[in-house]
Amino acid sequence: MNICIIGLGILGITYGSVLSDSDVNISCIDTDEETIDMLNEGELPVYEPGLKALVSTSVSTGRLCFSSNIRNAIKKSEIIFITCEVPTDDRDFPDLRFMKPIAQSIGSHMESYVTVVIKSTVPPGTCQIIQQTIKKALDDREVEIPFDVISNPDFARKGSMIKDCLVPDMVVIGSDSLEAVERLKRLYDTLHVREENYVITDPQSAEMIKYGVNAFLATKLSFINELALLCENANANIIDVSNGMGRDERIGPGFLEAGPGYGGSDLPKDSKALVEIARAYGEDFMVLKGAILANEKQKNKMVEKIKRVLGNLEGKTIGILGLSYKPETTDMREAPSINIIKGLVTGGAKIRIYCPEGSQEAKWRLHNEKDEITYCHDVYDAAEKADALVLITSWREFKGMDHERVLSVMKDRFFFDFRNLFGEDPPKGFVYSGLGIPEKEIK
C-alpha cells in the first residue's frame, strides 16, 4: 500500500515513521524545501524523544521518504493523511488557508480512488469543505473519481508522541462511509489499537471531540491552578487536596497537578478557537472563557509570588530551570516561562537560564530581554551566585540535582518550585516555596 502524508510538523513526521514500520510505503510531503533537505540529511526540524532514531531506521528500510513533489505522491497513493498546521486568524478562529490548497492538489492530481484522512485539529464542517474542494477540482478536470474524506483527529502528546501513536488510548474516526472506516482500521491494525479503543462517529462529531478534549483539559488545569493559589492563602496543601479530589471517580487524578499555567501549541489555541467556534454558532462559552483568563492570571501570579518573598527585584540574580511548556519538548509556545522571565526582567532582575532542550527557541522569543539573560550549561551554572532558583518545567534531570552543590554556589537560598517536583520531600537548606504549599525553611 502507498500512503502519502502532507505536512511535516512533529505529527506528520511521527506518523510517517510509525506507519512505515509496517508493510506500507510512506511518502512524506512538505512545500518547505529546507525541511525536506534537513530530513533527507538525517536531521529533524523538531525535537521528540526517540524520533530521530525511528526516522533513521524507517528511511533505511526504503519504506519512508521525504519529498516536496506532491503531484507524484498523490498520484500513487491510496490513503492521504493531511497533517498540516491549522493556524488561527486575528479573531482566534481556525484558518484553513494551508489545508484548502492541499485539497485542491488532491483533486487536481488523483487518478484513482483515495481515502483522505484529516488528522489536523479542525473546526466542525471541515470535512465537508475539503470534500467540496476536491470535488470542484475533479469537476474542473471533467473527471469522476470516487473518494472519501475522514476526520481522524490526533491525540498524541509531545514528549510521548511515538508511544501515543503506537498504542493510542483512543482512535476517533468520523466518516459517512463504513467502507472508508474499515479501510483506515485495516491500516491501523499494524499498530496496537484494540477494537474497544475505536470511537466511530460522523465527521462533525469527530472534529468536535478533539476541541472538547483540549478545552476540558485546559479548564481542569485552570481550576486546579486557581485552587493552588487559594491553598496558599488558606494554609492548605494542594498536593493532598489534589490527591483527595483525584480519588473521586467522577473527577479522576489526571491533570490535577498544579503549575504556573498551561501552554504549548494545543490547549491555548484550541481553547480560544472553541470559544470562537461557539460564538459563530450563537453560543457563549462562559466557563471556557473563564479558564482562559484564569490561565493568564496564573502566569502573572508566579511573578507576584517571587516578588512577595524576595521583595525588590532590582539587582537580584534569579536562576531559571526549564523553559518549554512541558518536559521532553522544545516547544515554548505560550509557555509560562515567557511571562515569568519577562516579568522578572521588568522588575530589574538578572536571569540565568538552564533548560535541557528549550534554549534555542528562547533566544528569539526573549530577544528583547537578551541583555539581562545568561544561558547556562547545567543546573549548577544557572544557580551560580543566584539569590533564588525558580523551577518552571519538571525535566527529569532536575529531580536528581545535587542540592548541596546547588546551595554551595548560590548567593542566597530561596527555591521556588512551581511544579511541586519536590513538594513531598523539599530539599534541605532551602527556603522552599512550592505552589499551593505552605512556604517553609527546610532544615
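For segment 323-336, 3J(HN,Hα) computed residue by residue from phi via the Karplus equation (6.51, -1.76, 1.60; θ = phi - 60°) reads 10, 5, 5, 8, x, 6, 8, 9, 5, 10, 4, 6, 5, x Hz, glycine and proline entered as x. Annotation for segment 83-185: GluC sites (Glu not before Pro) lying in DSSP loop with at most 16 further Cβ atoms inside 10 Å of their Cβ are 85, 111, 142, 144. Here the chain is assigned +1 on the Cβ of each Lys and Arg and -1 on the Cβ of each Asp and Glu. Its dipole about the Cα centre then comes out at about 1080 debye. Highest mean packing first, where packing is the average number of other Cβ atoms within 10 Å per residue, the peptides 248-261, 422-435 line up as 422-435, 248-261. Working ranking of peptides 25-32, 307-314, 90-97, 274-281 by packing, defined as the average number of other Cβ atoms within 10 Å per residue, highest first, is 25-32, 274-281, 90-97, 307-314. If you average the C-alpha positions of segment 1-63 and of segment 161-177 separately, how far apart do those two centres end up, in angstrom? Each part reduced to its Cα centre gives a spacing of 18 Å.
Here the extension length gained between residue 166 and residue 363 equals 67.5 nm, from 0.36 nm per residue of separation less the Cα-Cα distance.
Taking the accessible area of the chain, probe 1.4 Å, and keeping the other protein chains in place, the carbon and sulfur fraction comes to 49%.
Mean separation of Cα pairs under 8 Å and 6 or more residues apart, divided by the residue count, gives the chain a relative contact order of 11 percent.
Restricting segment 40-80 to GluC sites (Glu not before Pro) that sit in a DSSP loop and have at most 12 other Cβ atoms within 10 Å of their own Cβ leaves 41, 43.
For segment 8-94, averaging the sequence separation of C-alpha pairs within contact (under 8 Å, six or more residues apart) and dividing by the residue count gives a relative contact order of 37 percent. Peptides 153-165, 232-244 ranked from most to least packed, by the mean per-residue count of other Cβ atoms within 10 Å: 153-165, 232-244. Solvent-accessible surface of the chain, taken per residue with a 1.4 Å probe and all protein chains present: 45 Å². Recomputing Cα extents along the principal axes in Å from the coordinates shown identifies the correct label among (i) 76, 48, 39; (ii) 74, 57, 42; (iii) 67, 61, 42 as (i).
Based on the reciprocal of the average 1/r between different C-alpha atoms, the Kirkwood radius for segment 16-120 equals 15.0 Å.
Put the Cα centre of segment 398-443 next to the Cα centre of segment 234-260 and the gap is 21 Å. Residues 364, 395, ordered by accessible area of protein heavy atoms at a 1.4 angstrom probe radius and largest first, appear as 364, 395.
When the helices of the chain are scored as -39500 (n - 2.57) per DSSP H run of n ≥ 4 and the total is divided over every residue, the value at 222 nm lands at -13500 deg cm²/dmol.
The values are calculated or read from the model by the stated rules, or taken from the named source; none is laboratory data. All of these numbers come straight from a predicted model, not from anything done at the bench. Because the Cβ atoms are built from the backbone with ideal geometry, glycine has one as well, and the counts that use them run over all protein chains shown. Ligands, DNA and RNA are stripped out before the accessible areas are found, and what is left, the full protein with its side chains, is counted by its heavy atoms. Shrake-Rupley method; radii C 1.70, N 1.55, O 1.52, S 1.80 Å.
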